[in-house]
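Report on one structure; see the data block that follows.
The values are calculated or read from the model by the stated rules, or taken from the named source; none is laboratory data. Just so you know, these numbers come straight off a predicted model, no measurement behind them. Because the Cβ atoms are built from the backbone with ideal geometry, glycine has one as well, and the counts that use them run over all protein chains shown.
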Amino acid sequence: MKPGKKLLLFFLPGIALYLALFVYPTLTGIYYSFTDWDGLSPSYRYVGLDNYAGLTEHIVFRKAVGNNLKFMLAVVIAQTAVSLVLALQLARGGKGAAALRALYFVPTILSSVSVGFIWTFLYDPSLGAINGLLNAAGLSHWTQNWLGNVRFAIFAVAAAQAWAHIGQMVILFVAGLQAIPSELVEAAKLDGGNRWQVFARVTWPLLAPAAALVVSYTTIQSFKAFDLVFTMTNGGPAYSTEILSTFIYSAAFANYTFGLASAASVFFLALVSLITFLQFRVLRADRVSY
Amino acid sequence: MNKIGRLNVFAFILATLLLLSACGSNTGGNGGNAAADASPGSASPAQGGSSGEASAGDKVKISFIHWRGEDAEAFDSIIQKFEQEHPNIQVETQVFPSEQYQTVAQAKLSDGSVGDVFASFPGAQFEALAKAGLYTDLSGESFLANFTDTLIEAGQKDGKQLAIPYQLVYNIPIYNADIFERYGLTPPKDWDGFLAMAEKLKSEGLIPIAFPGADIGPGQFMNPMVMNNAPDPDIFVKLEAGEAKLTDEWWVKTLSQFKELNDKGYFQPNALGTKDQGAGALFVQEKAAILATGSYQLAQNKKSNPNLKQKLLAPITVPADQAVYEGIHTTTFMLGVNAKSKHPEEAKAFIEFLSRKDIAGEYANATGQNVTVKDVEYSTEELKTVAEWTTKKTRFQPRFTIKNGEVQKAVTNSIQAVLGGQSPEDAAKEAQAIVDQQLGK
């Protein structure tokens with residue numbers, strides 16, 4: 001056997017696991033999306049596209065899609081902007097940069113459930129630290145019933161989601177910044193560019209691949225935020241934080257409409273794929289060259 | 001887009017495939033475990049493993065699965081006694097946190113790998129498990145005579161006794177009897193009296209009602225609030241049959257009364273942001289006079305504040321002469337024998353053991369939960385308080401008569417919508433739209 005073919009054998013266990021644990025269940029999920037299986041019964045009927053047609057009219061599903069898009073936008077904007085600022089600060093180096101990098105990363109190692117509990121407590125309208133700090137600062141009129149307000153709840157959860165993952169994104173941006181040749185930045189400075197011009201004309205365009213990665217990863221994370229939402233609000237109050245993943249969970253395990261849940265999952269896949277594709281197109285991550 | 005760019009997009013699409021697999025993972029009908037990591041960990045983790053197969057030697061191993069981690073110690077002691085009496089049977093218990101019970105455990109039931117004896121909730125879960133044919137028919141078993149007939153009806157379907165509710169709960173608010181005595185208050189007999197009582201408590205600087213509006217509150221408090229507004233025990237059955245509507249007077253009135261309690265400040269501030277533990281803390285700390293949950297919380301409250309003197313009351317939302325019911329009861333923790341069990345006789349022997357009044361008494365007194373078994377002697381003040389309610393005219397929890405989970409959620413969410421500022425009429429209309437959609441399926 002040629003050495004190249006031998007090397008291919010090393011891929012087999014991984015590919016087999018991937019096929020067994022992901023591809024097969026995924027295809028099974030797609031199959032069930034064309035059935036009326038309840039998740040428990042030994043039998044089910046083939047219903048064609050009924051589940052997909054049902055989704056288009058489903059009031060709660062539509063709310064979930066709308067909320068998820070709001071949630072995604074809030075998380076992507078907050079997480080990308082804050083992590084970029086922190087990464088730029090870290091990239092300058094200096095004393096304490098390593099310690100700060102570790103500090104920013106700490107929330108990332110916490111489980112989503114822990115993050116949910118921490119933020120639920122922080123948001124508590126009576127005992128929580130956020131309202132407490134606002135009161136102490138004389139800003140009582142800014143205090144809110146953060147998770148109990150149907151207008152704010154989704155953004156309150158989005159803030160918790162962003163906090164939990166900013167550390168990861170900082171690492172990606174720092175790696176991107178470190179990959180930018182220093183002579184390009186120096187040349188721009190020698191040409192008289194101020195800080196903003198250097199950032200806008202040199203750093204940011206060259207950071208596009210990292211930014212695309214951050215934005216795409218953040219987008220996917222915001223769609224996968226099931227455990228955080230489930231812990232903090234369970235989709236409430238009054239559906240105001242119902243997102244696609246909580247809708248799928250309820251449809252499958254509380255309402256016993258597994259076929260519908262599978263159809264929603266397929267929609268989920270298509271939506272995330274489309275958004276990710278568009279983000280890559282817009283950010284033109286593939287056109288960077290030095 | 002160059003090759004690397006396309007590869008990146010492809011990699012992200014593959015990553016999203018992982019999300020799909022959460023719903024697609026299927027081993028013999030298993031629905032996946034997307035929520036498995038989402039458990040808040042309220043119960044102890046799943047312990048051990050069990051196959052339901054006969055083990056080494058002559059011992060038959062049966063699996064018992066449930067979600068009540070807090071009862072594990074009581075069950076361990078009872079199982080020890082059972083095994084002494086039945087040396088050929090070994091009971092292996094697996095306790096799943098309640099969210100995992102909805103996902104992993106009930107799927108495992110369907111292949112018979114666990115749960116020779118299993119617990120289930122009344123309502124949607126019971127209906128789904130019954131439809132899947134997972135219950136053994138227990139009709140005619142002699143141990144049924146050990147239970148109060150009317151309290152095991154929730155486990156019946158199509159004339160068969162498929163499951164046996166073991167716990168008896170009253171889903172009506174708990175009140176601090178000392179506070180009531182201090183201010184000369186007694187449980188009101190009508191809505192005006194209820195409002196006057198709440199006003200008096202408020203004027204004394206207390207929170208009249210601690211209401212966990214963020215999670216369990218709407219699903220609990222709606223029951224006594226609606227029981228006399230719609231005295232028909234089949235009102236939600238009719239709702240699901242399209243013969244009643246949430247926009248009808250009975251539900252709009254119920255929502256209006258919720259709004260009234262909220263607007264007049266009889267709930268704690270920001271009730272919609274308060275979870276179960278937060279509301280419980282207000283009551284235990286005696287800042288609130290009433291806790292709008294249910295009798296299942298009495299033992300926990302007493303543990304947190306041994307000085308508490310607690311009793312139960314239900315809001316009567318109509319004039320006294322129109323009140324049909326005094327309260328709400330639920331029979332839950334429904335024990336069933338898995339239709340796929342290889343050891344159904346041993347499983348039934350275990351349920352028979354649990355149905356004995358001394359064993360049921362041991363369970364009740366150790367866990368603080370009342371039971372559906374007859375003639376049990378309760379030892380604690382709280383259990384005796386609850387037992388007094390068995391002679392009152394109560395109604396089975398209306399929420400659990402809703403078979404469709406989406407309808408149930410629409411009903412409870414309409415309460416949250418009203419507390420969030422929507423008008424009762426609009427909230428009822430939106431909820432009815434969801435109900436209509438479910439009916440049209």
(request) Count, please, the residues in the range B:422-441 that happen to be within 11 Å of chain A (Cβ to nearest Cβ), loosely packed, with under 15 Cβ neighbours inside 10 Å and either among the hydroxyl-bearing types (Ser, Thr, Tyr) or not in a helix (DSSP H, G or I) (or both). (result) 2
(message) Quick test for you: out of A:Ala16, A:Ala20, pick the one residue that is part of a helix (DSSP H, G or I), over 25 Å from the mean Cα position of the chain (by Cα), within 11 Å of chain B (Cβ to nearest Cβ) and without any contact (Cβ under 8 Å) to a residue 24 or more places away in the chain.
(response) A:Ala20
(message) Of everything in the range A:239-276, what is part of a loop (DSSP other than H, G, I, E, B), out of contact with any Ser or Thr (no Cβ under 7 Å at 6 or more places or on another chain) and within 26 Å of A:Ile77 (Cα to Cα)? Give them in sequence order.
(response) A:Tyr239, A:Ser240, A:Glu242, A:Ile243
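Rundown of residues vs (1) over 22 Å from A:Ile166 (Cα atoms); (2) at the interface with chain B (Cβ under 9 Å from one of its Cβ atoms); (3) among the aromatic types (Phe, Trp, Tyr); (4) in contact with a Pro (Cβ under 7 Å, 6 or more places away or on another chain), yes/no style:
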position: A:Lys189; (1), (2), (3), (4): yes, no, no, no
position: A:Gly193; (1), (2), (3), (4): yes, no, no, no
position: A:Trp196; (1), (2), (3), (4): yes, no, yes, no
position: A:Ala210; (1), (2), (3), (4): no, no, no, no
position: A:Phe223; (1), (2), (3), (4): no, yes, yes, no
position: A:Gly235; (1), (2), (3), (4): yes, yes, no, no
position: A:Phe253; (1), (2), (3), (4): yes, yes, yes, no
position: A:Phe267; (1), (2), (3), (4): yes, no, yes, no
position: A:Thr276; (1), (2), (3), (4): no, yes, no, no
(message) Considering only residues that are part of a loop (DSSP other than H, G, I, E, B) and over 29 Å from the mean Cα position of the chain (by Cα), which ones fall in the range A:131-145?
(response) A:Ala137, A:Gly138, A:Leu139
(message) So B:Thr247 passes all but one of these: (1) among the β-branched types (Val, Ile, Thr); (2) under 25 Å from the mean Cα position of the chain (by Cα); (3) closer than 20 Å to B:Asn223 by Cα. Which condition number does it fail?
(response) (2)
(request) Could you grab me the full set of residues in the range B:305-328 that are in contact with a helix residue (DSSP H, G or I) (Cβ under 7 Å, 6 or more places away or on another chain) and of a type outside the set (A, V, I, L, M)? (result) B:Asn305, B:Lys309, B:Gln310, B:Lys311, B:Pro315, B:Thr317, B:Tyr325, B:Gly327
(request) Output the number of the condition that A:Leu177 fails; it satisfies all remaining conditions of (1) among the hydrophobic types (A, V, I, L, M, F, W, C); (2) over 26 Å from the mean Cα position of the chain (by Cα); (3) farther than 30 Å from B:Pro269 by Cα. (result) (2)
(request) Scan the helices (runs of 4 or more DSSP H) fully inside the range B:70-161 and keep the ones with 1 or more residues being crowded, with 23+ Cβ neighbours inside 10 Å. (result) B:106-109, B:124-131
(request) Check A:Phe253 against each of (1) surrounded by fewer than 24 Cβ atoms within 10 Å (Cβ to Cβ); (2) farther than 19 Å from B:Pro212 by Cβ and name the one condition it does not meet. (result) (1)
(message) What's the total number of residues in the range B:121-147 that are modelled with pLDDT under 95, under 22 Å from B:Arg68 (Cβ atoms) and touching a helix residue (DSSP H, G or I) at 6+ places or on another chain (Cβ under 9 Å)?
(response) 9
(message) Scan the range A:191-209 and tell me whether some residue there is within 18 Å of the chain's Cα centre (by Cα), aliphatic (A, V, I, L, M) and in a helix (DSSP H, G or I).
(response) no
(message) So the check is Cβ under 6 Å with 6+ separation or different chains; which pairs have a first residue in the range B:97-110 that's facing another protein chain (nearest Cβ under 10 Å) and among the hydroxyl-bearing types (Ser, Thr, Tyr) and a second one that's crowded, with 22+ Cβ neighbours inside 10 Å and not in a loop (DSSP other than H, G, I, E, B)?
(response) B:Thr103/A:Phe253
(message) For the range A:114-134, give me each residue that is away from chain B (no Cβ under 13 Å) and not small (Gly, Ala, Ser).
(response) A:Leu133, A:Leu134
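In the range A:49-88, which residues are closer than 25 Å to A:Ile171 by Cα and out of contact with any helix residue (DSSP H, G or I) (no Cβ under 8 Å at 6 or more places or on another chain)?
Scanning the range A:49-88 gives A:Leu73, A:Ile77, A:Ala81, A:Val85.
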(request) Within the range B:394-404, identify whether any single residue is without any contact (Cβ under 8 Å) to a residue 24 or more places away in the chain, over 30 Å from A:Thr241 (Cα atoms), more than 14 Å from every other protein chain (Cβ to nearest Cβ) and crowded, with 19+ Cβ neighbours inside 10 Å, and answer yes or no. (result) no
(request) Return yes when A:Gly236 is part of a loop (DSSP other than H, G, I, E, B) and surrounded by fewer than 24 Cβ atoms within 10 Å (Cβ to Cβ) and no when it is not. (result) no
(message) Among the residues of the range B:384-418, what is the count of those that are touching a helix residue (DSSP H, G or I) at 6+ places or on another chain (Cβ under 8 Å) and in a strand (DSSP E or B)?
(response) 2
(message) Checking the structure you have, find out if any residue of the range A:139-152 is away from every other protein chain (no Cβ under 14 Å), among the aromatic types (Phe, Trp, Tyr) and without any contact (Cβ under 8 Å) to a residue 40 or more places away in the chain.
(response) yes
(message) Can you report the number of residues in the range B:368-389 which are in contact (Cβ under 8 Å) with a residue 24 or more places away in the chain, surrounded by fewer than 21 Cβ atoms within 10 Å (Cβ to Cβ) and among the polar types (S, T, N, Q)?
(response) 2
(message) Quick check on my filter: what residues within the range A:119-130 are part of a helix (DSSP H, G or I) and surrounded by 16 or more Cβ atoms within 10 Å (Cβ to Cβ)?
(response) A:Trp119, A:Thr120, A:Leu122, A:Tyr123, A:Ile130
(message) I'm trying to understand the selection: among the residues of the range B:110-145, which are in contact with a Phe, Trp or Tyr (Cβ under 6 Å, 6 or more places away or on another chain) and among the aliphatic types (A, V, I, L, M)?
(response) B:Val117, B:Ala119, B:Ala128
(request) Give the residues of the range A:94-113 that are more than 10 Å from every other protein chain (Cβ to nearest Cβ) and of a type in the set (Ser, Thr, Tyr), sorted by residue number. (result) A:Tyr104, A:Thr108
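Yes or no, residue by residue, for (1) among the β-branched types (Val, Ile, Thr); (2) farther than 15 Å from B:Val337 by Cα; (3) over 20 Å from the mean Cα position of the chain (by Cα):
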{"position": "B:Glu70", "(1), (2), (3)": "no, yes, no"}
{"position": "B:Gln80", "(1), (2), (3)": "no, yes, yes"}
{"position": "B:Val91", "(1), (2), (3)": "yes, no, yes"}
{"position": "B:Phe96", "(1), (2), (3)": "no, yes, no"}
{"position": "B:Val114", "(1), (2), (3)": "yes, no, yes"}
{"position": "B:Phe121", "(1), (2), (3)": "no, no, no"}
{"position": "B:Ala132", "(1), (2), (3)": "no, no, yes"}
{"position": "B:Asp137", "(1), (2), (3)": "no, no, yes"}
(request) Tell me which of these A:Tyr46 doesn't satisfy, since it passes every other one: (1) aromatic (Phe, Trp, Tyr); (2) under 18 Å from A:Phe258 (Cα atoms); (3) within 14 Å of chain B (Cβ to nearest Cβ). (result) (3)
(request) For B:Gly368, work out the one condition from (1) at pLDDT below 95; (2) more than 21 Å from the chain's Cα centre (by Cα) it doesn't fulfil. (result) (2)
(request) Would you confirm whether any residue within the range A:84-93 is surrounded by 12 or more Cβ atoms within 10 Å (Cβ to Cβ), within 14 Å of chain B (Cβ to nearest Cβ) and assigned to a helix (DSSP H, G or I)? (result) no
